[in-house]
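A quick write-up on the structure given underneath.
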Amino acid sequence: MRRIFLIGYRCTGKTTVGKALAQALNMDFLDLDDFIVQRAGRSIQELVSQHGWPYFRSLERQALKEVMNSPKAVVVSCGGGVVLHGELLPQIKASGLVVWLKADIATILDRLLKDLRTRHQRPSLMSGMQLEEETRHILKERLPLYEAWADVAVQTDHATVQEVVEEIRSVVSKGVS
């Protein structure tokens, strides 16, 4: 397995699970959002406020292409909106396993409210909406995309990080892609 792409909405465990999975599989780990921030020298919040979401999405698309073309075996924690790059889906599926980390909306909202990064690093996806309204709206829009992208889906609501890692490892060992 050369690449494992973790997709899903905010706070479904992509980064936490990704780090543990990479360690368990002896692979590199890459958080795509962190990669973009490091390259741009500015936070996502700054990039979006100064240039808008389309600019950030163009940086995301470019970073994703770079990861797909890298020879490294890597677990990639993708931003929640990576599924908006539908034109890249065939390339992504051809270059690795796509795992959708899922959680119910109540779990997502609870995690978002408890996550300190939410206020400082996670800009609003739709200005003018309250967090719950925005989350419901975006999830409704993205659920079909997550389903279309995923080779496998793993529910993270009540599972430990290790349980999620073991479920993904089981899929990898069976050679599902």
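The values are calculated or read from the model by the stated rules, or taken from the named source; none is laboratory data. Remember, predicted model here, so these are calculated numbers, not experimental data. Cβ coordinates were reconstructed from backbone atoms using ideal geometry, including for glycine residues, and neighbour counts include every protein chain displayed.
Structure above, values below:
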quantity	calculated
Conditions (1) at pLDDT 90 or above; (2) part of a helix (DSSP H, G or I); (3) not aliphatic (A, V, I, L, M): number failed by Glu134	(1)
Qualifying residue in the range 88-98 (condition: of a type in the set (S, T, N, Q) and closer than 24 Å to Ala20 by Cβ)	yes
Scope the range 3-48; condition crowded, with 19+ Cβ neighbours inside 10 Å and acidic (Asp, Glu); matching residues	Asp31, Asp33
Options Leu21, Leu84, Leu88; residue that is modelled with pLDDT of 95 or more and among the aliphatic types (A, V, I, L, M)	Leu21
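Let's see how each residue does on (1) among the small types (Gly, Ala, Ser); (2) at pLDDT below 85; (3) not in a helix (DSSP H, G or I):
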residue: Thr118; (1), (2), (3): no, yes, no
residue: Ser124; (1), (2), (3): yes, yes, yes
residue: Leu139; (1), (2), (3): no, no, no
residue: Ala159; (1), (2), (3): yes, no, yes
